[in-house]
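The values are calculated or read from the model by the stated rules, or taken from the named source; none is laboratory data. Note that the structure is predicted; figures quoted are calculated from it, not measured. When we count neighbours, we look across all protein chains shown, and the Cβ atoms used for this are built from the backbone with ideal geometry, even at glycine.
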Amino acid sequence: MKLGSKTFLYSVVIALIVGIVIFSYMIFLMPAMYTDYKEKQNLESSRTAMQYFKEHESLKNVQMGDSNTIGVIIPKQGYTIKITGVGFDGKIEVISPSARELMDKLRTLDMDDAEKSKALFKEYKPAIDSIISENTDEIKKNFNVEIKGKGNSSNFKTKGYKIHYYSGDVGIGEFTVQSRYSGTSYTCFVGLAKQDNNTLIMVNSVVTPTAKDILPVLYGATPMLVLLMVILAFGVSALYSKKIVEPIKKLSMDAERRMNDSAKGLEPLEVSGKDEISDLTVALNLLYEKQAQAVSNLEEENKRKEVYMRATSHQLKTPITASLLLVDGMIGNIGKFGDRDQYLPEVKSQLKEMMSIIDEASNINGMVDSKEREQIDVESLCREIIGKIHINADAKGIGLQVVVPKKTVYWQSNSMMLKKILENLITNGIDHTKEAGHVKITIEETKISVFNSPGHIDKDIIDNIFEPFVTGLDDEEMGQKKGHGLGLYIAKYFAGKQELELKGENLQNGVNFILQKRGRDD
């Protein structure tokens, strides 16, 4: 399965799981939480109304929503009670003896009695029955009423009750009953407080919501919710998988192009965003850049080796051919070559020349593999080289001079390569300087100069002076045997490996070679 399909599938599964969790929450937890919330809200509304009632002794302007609220104020003396509700205030004078008896009992009611609701009901029941009886008798005088019933005719059953106490001597009784037929619950909040020796009673009735009231609505909305959840899951998953997969596809296609075609000329990948894929893109761009540089260096190295091998083969032909001719002449005792004592030294000289070329090639291959770098005292290194080769200079009467600054100069480099570079430059200066000349080595912080005088680089070869086996004037003119043209080539090659620049130039009455750190021209 491809990454896009996997990402899409995983995203859909995750989205569906989240959707199922949310849907389960709505079905199983949300109704109960809603019911609990409404119960607390109803209690809080009753408490707020009771506090307002106590402060203003009226409910006329209180906001109670859809609940039915009525308040009664029983004075300390007298039998005229004040009634109040949402939008009205009024008074009622109690005439019935039974009702007056009940009022007297209510005047003595306090917070401690509120917890004894059942006992109070038994205590007040005779007075309540007496009031009902008195009013029934009055009704019978004017109406002939006949009602027949069977058993317990009550449609409600008691569900529970709670007593709540608040600051300011305010108590609220919460009484809940449930319909035997519909299951609907009704809660009656009865508040009691004392204010200026008056007794304040508030009754607030509300319908208590249940989970069964909400579930039908949720069940009815289920098909639409499921459809919406599936559409969102697939839509979001498709967009997410596309956002994830498209950049990876671009990386894959770019990698294939670089694999099938040459990396040269290909633009770096475009980086967008700040996520892990953009970090990967940046890393790949750096990798491709280093890879391209490595390929370029490898091609350059291969080209150098090819040129070097061809030049070496060509250079070896001359001493080999000469040696074969001399040996064949001596073996065949042909003409003057029959004098072996005279021509055997010539053969030996040709063999030494071949050995010198082979040694130089070995030095190149051996030193290139060394990656070690260290702090090198340049002056000490130059004097060490001069101590090794001064015999050649002394033989020609050439003076050697080292010019150094006051502060010791250190270069971070491979000691073997730097030594070979300077040795070849100084040796080249000695070999190409006429007798009684001089070679001056000038050491600076960022460059080393080797100047030999008198000397001159022929204009025909100055552009190719660092190519292998390129030589100037015959060394015999300088009092030396002609060299094989590898010294400057090796110096240039090692300089490149050490990130150094090497160049040569003609000056007045002399030649100057400059070994310089890259990026610095001071």
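Key figures
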{"quantity": "Which listed residue is closer than 30 Å to S58 by Cα and assigned by the TED database to the domain that holds P31, from T187, T210", "calculated": "T187"}
{"quantity": "Hey, N424 in contact with a strand residue (DSSP E or B) (Cβ under 8 Å, 6 or more places away or on another chain) and closer than 17 Å to I514 by Cα or not", "calculated": "no"}
{"quantity": "Of all residues making up the stretch 424-448, the number that are in contact with a Lys or Arg (Cβ under 9 Å, 6 or more places away or on another chain), farther than 17 Å from I465 by Cα and not aliphatic (A, V, I, L, M)", "calculated": "6"}
{"quantity": "Lone unmet requirement of (1) surrounded by 14 or more Cβ atoms within 10 Å (Cβ to Cβ); (2) of a type in the set (F, W, Y); (3) under 46 Å from the mean Cα position of the chain (by Cα) for Y219", "calculated": "(1)"}
{"quantity": "Candidate set from the stretch 128-166 (those that are of a type in the set (D, E) and either at pLDDT 75 or above or over 21 Å from L102 (Cα atoms) (or both)); member that is surrounded by the fewest Cβ atoms within 10 Å (Cβ to Cβ)", "calculated": "E146"}
{"quantity": "Subset of the stretch 180-209 [hydroxyl-bearing (S, T, Y) and either surrounded by 18 or more Cβ atoms within 10 Å (Cβ to Cβ) or touching a strand residue (DSSP E or B) at 6+ places or on another chain (Cβ under 6 Å) (or both)]", "calculated": "S185, Y186, T187, T199, S205, T208"}
{"quantity": "Residues of the stretch 430-453 that turn out to be over 54 Å from the mean Cα position of the chain (by Cα), part of a loop (DSSP other than H, G, I, E, B) and either buried (at least 16 other Cβ atoms within 10 Å of the Cβ) or among the polar types (S, T, N, Q) (or both), as a count", "calculated": "3"}
{"quantity": "Number of the condition not met by K419 [criteria: (1) in contact with a strand residue (DSSP E or B) (Cβ under 7 Å, 6 or more places away or on another chain); (2) free of Cβ contacts under 8 Å to residues at least 40 places away in the same chain; (3) of a type outside the set (S, T, N, Q)]", "calculated": "(1)"}
{"quantity": "The stretch 232-257, residues that are farther than 15 Å from L280 by Cβ and not β-branched (V, I, T)", "calculated": "L232, A233, F234, G235, S237, A238, L239, Y240, S241, K242, E256, R257"}
{"quantity": "Single condition K274 does not satisfy, out of (1) within 30 Å of N68 (Cβ to Cβ); (2) modelled with pLDDT under 75; (3) not in a helix (DSSP H, G or I)", "calculated": "(1)"}
{"quantity": "When residues of the stretch 371-387 are limited to those that are farther than 17 Å from K447 by Cα and surrounded by 13 or more Cβ atoms within 10 Å (Cβ to Cβ), the one nearest to the chain's Cα centre (by Cα)", "calculated": "R373"}
{"quantity": "Sole exception among (1) touching a Gly at 6+ places or on another chain (Cβ under 8 Å); (2) within 15 Å of L192 (Cα to Cα); (3) free of Cβ contacts under 8 Å to residues at least 40 places away in the same chain for T48, by number", "calculated": "(1)"}
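This table checks each residue for (1) closer than 28 Å to I426 by Cα; (2) modelled with pLDDT of 75 or more.
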residue: E299; (1), (2): no, yes
residue: K317; (1), (2): no, no
residue: I320; (1), (2): no, yes
residue: Q342; (1), (2): no, yes
residue: S349; (1), (2): yes, yes
residue: V378; (1), (2): yes, yes
